[in-house]
Structure formats: structure tokens, C-alpha cells
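Structure first, then comments.
The values are calculated or read from the model by the stated rules, or taken from the named source; none is laboratory data. Since the structure is predicted, the reported quantities are computational estimates derived from the model, not experimental observations. Because the Cβ atoms are built from the backbone with ideal geometry, glycine has one as well, and the counts that use them run over all protein chains shown. Heavy atoms of the whole protein, side chains included, go into the accessibility calculation; ligands, DNA and RNA do not. Shrake-Rupley method; radii C 1.70, N 1.55, O 1.52, S 1.80 Å.
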Amino acid sequence: MHWWLLLIFSLSCEGLQERELLELDLDYGVAEPRRTSLLQSSLILQFAQDYKHIPRITYFTCQKPHSQTPTHPNQIPSAAEIRDAFAAKNFELIKSLYESELFVRIVLLDVLTQAAPTSPSGRPNRPGAFSQSPSQAHSNSEWLENVLRMEALRQIAVVDLACGALSRRFLELASAKMLYSEKFHWLLIEDFAWQGRPQTAEGTPKRDDEKAEEKPPGQQIQTTDDEDLPSIESFLGGMNLYMNTELTLAKRMSEAAHYALFDVWNPGLNYGGHVNLTEIGSFTPSEGIQLHTWFRTTSTVRRRMDMQHARLRCMVVVTNKNMTGTLMYYLTHTVSGHIDTMNRFNFNLLMAVRDMFNWTFVLSRTTSWGYVKNGRFDGMIGALIRNETDIGGAPIFYWLERHKWIDVAGRSWSSRPCFIFRHPRSTQKDRIVFLQPFTNDVWVLIVGCGVLTVFILWFLTTIEWKLVPHDGSALIKPKGGAPPPRHHYQQQQQQQQEEVRPITAISVVVNEEKVEEKMEDSEDSSPIDAGTLWQRAYQKLNKYIKDRKAKQKKSPERVGLFLESVLFFVGIICQQGLGFSTSFVSGRCIVITSLLFSFCIYQFYSASIVGTLLMEKPKTIKTLSDLVHSSLSVGMEDILYNRDYFLHTKDPVSMELYAKKITSVPTTKENEADEDEPVDPNPASTDPAKSYRDIVHSHETGAHAKDNAASNWLDPETGLLRVKHERFAFHVDVAAAYKIIAETFSEQDICDLTEVSMFPPQKTVCIMQKNSPMRKVISYGLRRVTETGILTYHFNVWHSRKPPCVKKIETSDLHVDMDTVSSALLILLFSYGITLMILASEILYSKWQYRLIIRLN
């Protein structure tokens, strides 16, 4: 029951407060402190909740307002009355803010109380200038850092301009600390009750009860300076306002409950810009904050695209020491477009952003992107840190060590450096071209089919020999007819030899052997009777040899059939004719099948060899490790990021590549010299420590600054010329290499080129000073440039396309060199060696058998 009463009471209170706010538009009888406090609290709450959607508010006020000279003789309020009214207004305002759901902090500006120096005329020396002693400035700076801290969350800073000099001194401190950024959304409230009431021509207060009409953007308000303090408009003209400033000025011109809202920004005081105050809407208690349509429907960057020819300092990197003409002409024209490609590409993108936002460049140049030297950054990054330039005209690789010193606006150039070389012809697969057409399982299957065919043919011919003896002659007959009986043919041959051959010592020995064989045959029937074990072993061996010879004499045709079958299969595989024929249909079937099998195998085999010789040669150098262990020489483009890469890389392959193939330096006592001392290179040595000091030396002196014949640090033209005429691999950005290759290489040379990356392609970014107000502007401009196709257009202009490989079959491609036929020659030589080894073993075996027979007999 009680919570219903509380809910009804709260709703009635809210309704009462809304009615009070609505009555403020017409009711002038309400006490002025309460009337002003209700107006300002309503404005602040709606500004935070409905407009900015930020729940954190810091309200800066003071204990007493600025004493103002009255504008009408009859209006002479006392200082006590003004102080009491202001205190009452603050009490009501702070009370209403604390009752809201927002996080509110109240800060009094009375700690900044001090006398401002004046000129002899009694006016300040400069609008918005307040002189402070060093100790006061330091204490005020510390106080401001404690009050407004740069945090990740956005916050609203509300300043009551009724505090006069205190509020202006506070705004000047915030300007010195560069707090007018997107992190702090400022609301400056100026009320007529504390600044004097504007008078009409008749001397009566001017009342503005009607709603202000919408004005086009860019229309400036017109105000006049009072006698004591400069107007807030002229004062803001000396503040460090920028493109990313979020500052709203609320001015109450009359007694009516109406505030005019103005958007305040500046292209940059240090850029030569001027303050812009544009009316964006109004506030009334009944209608709240009413913004113009053009303001609601556009973003902050789109509303501020006219920077009024602000002058931004831009530094670009130029490594070309032979640059001719002005710097602007070199950066915008494509003469020698393969040099400084990414720097000129990025600058042309910034030119498009410049035209979009209407600013101008103040150009400067350097030779380094920015690397750590003696603990500090040099080049373009060093200039940004030292506030010598505003934005970087050249893109950089965004590394962790650079993050805390610069800001990034967006991606720019995509750099892809790699090793380019003519791949040496690989002869490893050419040497096995005769074994390459078939895989291992196919070769095993062919051998298995051959073994099976030999055994089947041997079995068929053996059966045929047994079934049809034909007087003991073999049925596997040579071509030309059947031979005469074997025993008759042997008797005739022996008679002819005896008639023709003269009697020699050898014939005598042969005759003796025949006699001995007859004696041995007669002795076979006798049992073995020997006195010793050695004699019995020799007699058994002699008997085994005689039995083997007898079996060979009884069935010589069977052994011949098996060997003939083996030669038959080898012959048909090699597309040769038959040395014998069969009379059975089964034997002829296996012969025909084997011939068809050989025909198919031969067609596939020969076609595969021809295709292998005509196909593109395989490339074996595919990784950086392969390149290190190859026979190619290696060179690097003499540019700073390549030297810095070797100086900081932890990749063992890259370090091995540098130590072995890039730089050779002496290993004498000079290795202990200081880093700054010059070194005389010697190709006969490779000391890693000295090599890295050599990198540092060249890195400090700039690109192409050190002529070191021992180290292969070259310019793109020289390096690619060596690639064309030597076995040389050159590391260079493809944007610079493709143009030179297209102009100097032949079509065959282009097809022989291979690319191997040392590190992945690098994305570059556009940079500016840390916490720069131009970050959002350039980021938006680069996105628009990308969306509209301007980036693609400039990329096609500055990045040369890869030269196409037009592959043609030339006469040199059809030549079969020694590397290709070496495998066949090796097989032939191997067969020669095997034949000689077998012949030697046969000779040794014959001699051993002859001596064994003599010893046994």
C-alpha cells in the first residue's frame, strides 16, 4: 500500500516540475534565481541525456559571479544582491543535478582567483590572455589534471560563463592542455541575468518570445565586447579549437526562457584557421533542445568539411637522390614511378583528402621513415614527435614500438617485397625420366605380370615337349624348321672337329678328361671307402657334381625352355621379335596376350616420356630455407626497412641467410671496433656481430649511402640486371621490380622468374601526431577515397602489373640433353658392370671346378 502512495507522490512531483518548466515561458513573476536554475538544469540534463547520451557531467561554477557594469542607469543592483541571487541559483541548480540519475561532479573555479594584468587603458593586454607566474601555472596545471583526466569514457564539461575571468582562465588552461577533443564534450552557458541585459533602441530590455528560425550553416552571430571582459566569441578565437572539438555555446539573450545553441569549432589555430560559430538550434523548457534539420542529419566531419585553406605541415620520405624538379612535381607525376612508389602513392591519396576538406600543404622531405637511433626516432616519426610536422606524407609499417608515439588514420599501401630470381633448371627428375612415367605400384605390377607370364609359358612349353616327343627333338623349334635329331647332330659335329682340328696339348688334355670320365663312371658303382673324413667329404662333393652334370645332360631342353621364356617376355616388352614358336593353341594364346599387353604398356610409357620432356620443369626452391641452401647468390634492395628487418629479426632462417649470402665482413681485430667507426669490408670472412654493425652504419647514413662491394646491397636496376644475367636472387618490392622486368626482360626470362617471400606482405598505414585532431578527418577521407574508387585508380597508376608469361614452345625445349638420357646410359653401364662381374665369377668357378677335379683324381 505504501509503495502505491510513493509512486503517486513521485508522479505528482514530476508533473509539478514539468508544469513549472512550462510556466517559465510566460511567467515572469517567478523569482529570477529559481527561474534561471530550472532553465539551466533542464538544459544540462537534456544536453547530456537526449542529445549527447553521456551520463557523466562535471559542472564548473564559482561562489560569486563576475561584477558587470549595468546597461541602464536605473538598474544598479548591489554586489550583495547579485551574490545572493547567484548563490541561490547555484543551490537550486546543483540540487536538481544531484537528484538526476547522472554521475555529477561539482567543481569550483575560485582556486584560480588572481588579478589579470591590464594595459594602461585598464583593459587586458590580449583577449583571453592571463599572465601567470611559473609556480601558479604549474599548480593550476596539476589541479586541472586532477579535475579532468583523459579517460577512455567520454564526459561532459559544463562551464558557467557567469564566473567571468575565472571561467575564461579555466578555458585557457583547458586550451593549453589540448582538452578540446572528442573525449570532452563542452557546454558553455551564458545567461543575460549575469552579463547585463541587451537594450533595444528605446532603452528597454529586448524580449524574444518567438522561436528562432533555422539559419543556414556558417551564419555567424554578431556580438559586441563589454567594457571589462572580451566577449566569449572573441575569446574562443584564441583557443586551441580543432576539427574534432565538441563545444556547444548556449546563450540566453533576454528574459524569455530561451537559449540559442551554437556549434563552435576551428580548423586549427596553429594551422591558420579561424573560429566558426554556427547556430544549430535552440532550447526551451516546453520543447527541449530543438536542432536544425541539416545539423541532425549530418556527422561532425561532414559539417566541417571546409577548413578554409588551413595550412598543414606534411613531411614525405624521398629516397631517390637523383630527384629532379620541385618536390610537388616529383610526388604527383609518374616519372620514374617505380622509385618511392608507396610514398608517392600515399601522398596522392592525401591530395584527394586535401581537396575534399579544403586545406593546403606545407611540404618538407626526409630520407627515413623513422627508426630508433641513439634511443630516439629519426626521420618522419621523429619530426612528428618533435612537433616539426603535423601529418606524415609517407606510409609506414605499424609496429608495436611506434604505437605510443604516433596515431594511425587508416590503411594505405600494401607492400610485398620478395626474392625474385630465375629458377635454375632442375635435373633431378630428368635423370630418372625413364622410370618416372609409372609409379612404383605400376612397376611392381608389371614385374609381377612378367613373372607370371614366364612361368605359364614355361609350363605350357614343358607339357608340349612331353606330349609330342618327335624322336626326342624339342617341340620349341627355332624359326626355319625342325632340327635333326640331337645325337646324330652331335656325332657329325664331333667327327668334323676331329678331322679338322689339329692335335694340340689342349686336345690331349680333353681326351684324358674323357678317359677319366669313363673311369669315373665305372667307379661309380664301387662304394665309397676312404680312410679319413677329408677324403670322404671330397668324394661326396665329387659325386654331387657328377650327378648335376648327368642331370643336365639328360634334360638340357627343360632348362633351355625356362630361359627362352624369360627372354621371350623381355623381348615383347622391348618390342622385339620372337626367337621361337609353339605349335599348341594355348601357347600361342599366351604369346598373343603378352604382345597386346606390351603394346599398351609401350604406348603409355612413350607418351608419358614425351609429355615429361615437354612439360614445365619443376621448381625446387619454394621457401627461404631452400634459397639459403641453393647455389644462387643473394642480394637485397638497399632501403632502410630491409636493413632494419635484419637488425631486429629473430627468425633463424633470415639470420642464416644474412650471415651466409648477403654481407661478408672481416674477422680481424676490427670486429671489436666501435659501431660508429667505418669498416673496410672483406669478402673472405663472415662475422655476425660485425655484419650487424655494418647494417647499423648503413642504416644511419641512409638508403643507397654506403657502397659496399662485399655486401650485396643494391639498387633495383642493378639487382635485377644481375638476376637477368647471373644465378642471382634479389629481394625487392614487386611494385618497383615489375616495371623494370617488363622493360628489360625477354618473354622467356619472365617465364623463368620465381618469387620467394622472406616475410608476409606488409600493410602500411597513414600516420600523424599522437592525439592529433586531424585523425578523424584523414580517417574519414581515406574511407571515402576507398569507397569512391580513387584508391584503386591510384593503385593501378603507381603499382605496375606483373608482366604476363607468354609460354611458347621453342626448338630449345625439344632438345634432349645429356641430363635427360643419363639414366639410360647409367642403366647400360650398370649392365656392363654386372656382365663383367658375372663373367669373372664364371671364369673363377670354372677354374675352381677344374682344380677341384684334378685334386680329387
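A few remarks follow.
- When peptides 746-754, 532-540, 716-724 are sorted by average Cβ neighbour count within 10 Å, with the highest value leading, the order is 716-724, 746-754, 532-540.
- Amide H partners (placed H, <5 Å) of Ser412, local residues excluded: Thr764, Val765, Cys766
- Rounded percent of accessible protein surface that carbon and sulfur make up, region 742-782, 1.4 Å probe: 48 percent
- Taking 0.36 nm per residue of sequence separation and removing the Cα-Cα distance, the Met655/Arg149 pair yields an extension gain of 177.6 nm.
- Region 298-433, accessible surface, carbon-and-sulfur percent (1.4 angstrom probe): 50 percent
- Legend: residue pairs Lys466/Lys847; Lys724/Lys807; Lys724/Lys802; Lys661/Lys807; Lys52/Lys177, Cα-Cα distance threshold 26 Å; pairs beyond threshold, Lys466/Lys847; Lys661/Lys807.
- Modelled FRET efficiency - R0 56 Å, Ser286 with Ala607, Cβ distances, 0.05 increments: 0.05
- Solvent-accessible area per residue, Å², over region 284-420 with all protein chains present [probe radius 1.4 Å]: 43 Å²
- Region 299-422, relative contact order in percent, only Cα pairs under 8 angstrom and at least six apart counted: 33 percent
- Net length available on complete extension from Gln46 to Lys95 is 16.0 nm, with 0.36 nm assigned per residue and the Cα-Cα distance removed.
- Cys751-Cys805 pseudo-label distance in nm [points 7 Å out on the Cα-to-Cβ vector]: 0.9 nm
- Each of the peptides 244-253, 825-834, 158-167 was scored by the mean count of other Cβ atoms within 10 Å over its residues; in descending order, highest first, they stand as 158-167, 244-253, 825-834.
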